[in-house]
Amino acid sequence: MDESNERAGRACGPVLTSVRMTDEGVTKLPEQGVSWPELRAEMLTRGQHDANWREGKTAVYVFNAGDDVTQVQKEAYALYQSENGLGPAAFPSLHHMELDVVRMGLTLLHGDADATGNMTSGGTDSITMAVKAARDFHRSMAGDDHRQRNIVIPQSAHPAFDKASTLMDLEVRRVPIRSDHLADVTAMSDAADDDTVMIVGSAPSFPFGLIDPIVELSDLAQERGLWLHVDACVGGYIAPFVRMNGAPIPPFDFELPGVSSMSADLHKYGYCAKGASTVLFRSEELRSHMVFDHRLWPGGRMVTPTLAGTRPGGAISAAWAVMHYLGEAGYRTKHRQVTDARESIEAGVGELGFEVLGSPQLGLVAFSHPDLDVFAIYKQMYRRGWITALVTDPPALHLMLSPFHAEVTHTYLADLSDSVAVVRGGDTERVTEARYS
Ligand SMILES: *Cc1c(COP(=O)(O)O)cnc(C)c1O
């Protein structure tokens with residue numbers, strides 16, 4: 001990999017800088033249009049320095065469920081890519097596809113007859129809208145008296161909660177987690193007060209891939225009348241199937257009476273096209289606090305359930321198509337490949353002296369090393385073409401596995417063995433702080 005690749009690397013410094021007008025090599029609007037074949041060729045060339053995910057060498061950002069699923073995503077997206085989910089009356093097709101998708105999600109996550117929800121553009125959108133609903137619900141109960149409200153989240157929760165809180169002027173109380181990397185329910189209970197609009201558990205957390213003690217959080221929520229959000233962004237569309245496959249996944253969803261809302265991303269382990277997530281609520285009463293209903297402008301009444309105005313029809317139609325294409329049996333098969341891959345990785349890294357953090361059950365796994373610098377090992381893996389994530393506390397390598405990875409665990413472990421040997425041999429060049437999403 002060359003230096004420009006280095007810049008694209010997850011763990012190799014800032015990547016999302018903005019353009020400056022003096023930058024060279026950044027194009028202006030061409031005076032005359034360029035033909036599509038020419039553009040297409042250039043676009044493919046531009047992709048040559050991207051992460052090599054098609055060969056399975058990327059275990060973050062991308063979910064590779066096979067070429068057939070990718071084709072369904074693309075064609076189903078293209079069928080409705082011009083339509084707009086903002087107009088349910090104009091596009092009843094999309095409206096009903098969204099209803100179907102949400103209902104499929106709610107069924108998997110034990111929503112009862114009152115449960116409801118919407119599709120959003122992604123996990124951050126789902127979380128932001130759940131926080132908004134919880135805040136406005138709290139206002140409706142306690143009065144909008146400009147008090148400083150807060151959310152109480154485990155240290156391992158996703159930064160989307162901080163982003164949402166910044167937008168809504170909420171205080172974030174990040175509570176230290178237990179030594180087993182799970183949410184500390186007692187400490188969260190101590191951190192919550194009358195101004196707490198939401199408490200959060202992850203199923204699972206991104207850094208550790210471990211499911212927080214949601215049963216205890218649900219009990220706490222019920223005892224204290226708190227809104228519990230379960231962030232199942234990365235777990236919502238895999239955990240139910242892994243349970244069907246026989247793993248003892250503990251209750252983590254609307255089955256628990258204290259759970260008020262959930263986020264579950266279709267564009268992760270739902271294997272749908274990007275731009276698709278679900279935000280789900282125990283009841284329409286709770287969801288109603290999310291919806292924005294506006295008429296004080298000359299354009300007429302506009303009702304938007306989520307942050308977006310225009311909602312890309314393709315993200316909805318692709319999600320609908322992939323879910324129907326795979327069905328329960330398809331998801332169970334794909335997710336079996338994921339958990340098989342995770343089990344091979346766990347066994348292999350154990351032989352190399354790593355320690356897996358906790359007992360992951362889904363598709364994420366993190367592992368630390370008792371005496372080697374994992375940031376140096378990452379550097380070696382990166383040189384061998386791998387782009388994965390890192391955990392900083394404790395320092396650990398991190399993988400988010402796809403079905404396709406079942407075919408490349410041996411390559412990964414062979415490269416990891418070489419990398420360990422190089423680092424043991426004294427090459428301690430390391431990557432710096434990772435970026436997380
Ligand atoms: C990915 C993820 C999110 C954020 O989802 P985006 O689709 O990237 O916005 C939130 N929480 C968890 C646990 C995640 O893994």
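Readers should treat all values here as calculations from the given coordinates under stated rules, not as data from a laboratory. Given the structure is predicted, the values throughout are model-derived calculations rather than measurements. With ideal geometry, Cβ positions are generated from the backbone for all residues, glycine too; neighbour counts draw on all protein chains shown.
Pairs of Cα atoms in region 60-142 fall into 10 Å distance bins, from 0 up to the last occupied one, in shares of 14, 33, 39, 12, 3, 0 percent.
Hydrodynamic analysis of region 126-227 uses the Kirkwood radius over alpha carbon pairs. Inserted into Stokes-Einstein at 37 °C and 0.692 mPa s, it gives a translational diffusion coefficient of 241 µm²/s.
Pulled fully out, how much extra length does the chain show between L99 and H410, if you take 0.36 nm times their separation in residues and subtract their Cα-Cα distance?
Details: separation 311, 0.36 × 311 = 111.96 nm, distance 4.15 nm.
Computed gain between L99 and H410 is 107.8 nm.
Stokes-Einstein diffusion for region 16-77 at 4 °C, viscosity 1.567 mPa s, with a Kirkwood radius from C-alpha pairs, works out to 86 µm²/s. A full extension of the chain between T392 and D340 corresponds to an added length of 16.1 nm, given 0.36 nm per residue minus the alpha carbon distance. Rg over Rh for region 200-285 works out to 0.97, using Cα positions for both radii and the Kirkwood form for Rh. In summary, the aspartates and glutamates within cross-link reach of K132, defined as a Cα separation below 16 angstrom excluding same-chain residues under 8 places away, comprise D144, D162, D169, E171, D195, D231, E284, E285, D293. Computed from the alpha carbon positions, the gyration tensor of region 327-437 leads to an equivalent ellipsoid with semi-axes of 25, 14, 13 Å, biggest first. The longest part of the chain holding none of the exposed loop GluC sites (Glu not before Pro), meaning those outside H, G, I, E and B in DSSP with at most 15 other Cβ atoms within 10 Å, is 32-254. With a sphere of radius 13 Å drawn around the Cβ of P251, what net charge do the other residues whose Cβ falls strictly inside it have (Lys, Arg +1; Asp, Glu -1)? Its environment carries a net charge of -4. What residue among A192, L390, V422 has its Cα farthest toward the positive end of the dipole of the chain, where the charges are +1 on Lys, Arg and -1 on Asp, Glu, each on the Cβ? Of the listed residues, the answer is L390. Taken about its Cα centre, region 65-106 carries a charge dipole of about 140 debye when Lys and Arg each add +1 at the Cβ and Asp and Glu each add -1 at the Cβ. Assuming charge only on the beta carbon of Lys and Arg (+1) and of Asp and Glu (-1), the dipole of the chain about its Cα centre is about 800 debye to the nearest 20. Both numbers refer to the Cα atoms of the chain; Rg and Dmax are 22.4, 71 Å. Hydrodynamic estimate: the Kirkwood radius of region 220-357 over Cα pairs, inserted into Stokes-Einstein at 4 °C and 1.567 mPa s, corresponds to D of 73 µm²/s.
Think of each Lys and Arg Cβ as +1 and each Asp and Glu Cβ as -1; about the Cα centre, that makes the dipole of region 357-437 roughly 120 debye. With contributions of -39500 (n - 2.57) from each DSSP H run of at least four residues, the per-residue ellipticity at 222 nm computed over the chain stands at -12000 deg cm²/dmol. Placing a pseudo-label 7 Å from each Cα along the Cα-to-Cβ vector at E75 and R224 gives an inter-label distance of 5.2 nm.
Using Cα pairs under 8 angstrom and six or more residues apart, how large is the relative contact order of region 187-236, in percent? Present the calculation step by step, with values, prior to reporting the outcome.
Working: 64 pairs, mean separation 21.0, N = 50.
It rounds to 42 percent for region 187-236.
Projecting the Cα atoms of S263, T333, A276 onto the dipole axis of region 251-373, where Lys and Arg carry +1 and Asp and Glu carry -1 at the beta carbon, places A276 farthest toward the positive end. On the basis of the beta-carbon distance and an R0 of 56 Å, D23 and A421 show a calculated FRET efficiency of 0.85.
Of the residues A232, M119, G33, the one whose Cα sits farthest towards the positive end of the charge dipole of the chain is G33 (charges of +1 on Lys and Arg Cβ, -1 on Asp and Glu Cβ, taken about the Cα centre).
Past 22 Å, Cα to Cα, is the threshold; run K28/K163; K57/K334; K268/K334; K57/K163 against it and keep the listed order.
Values: K28/K163 32 Å; K57/K334 18 Å; K268/K334 13 Å; K57/K163 30 Å.
Flagged as over cut-off: K28/K163; K57/K163.
Just subtract the alpha-carbon distance of N245 and D114 from 0.36 nm times their residue separation and send over the number in nm, one decimal. Each step should come with its number before you reach the end.
Working: separation 131, 0.36 × 131 = 47.16 nm, distance 2.79 nm.
Extending this stretch completely gives an extra 44.4 nm.
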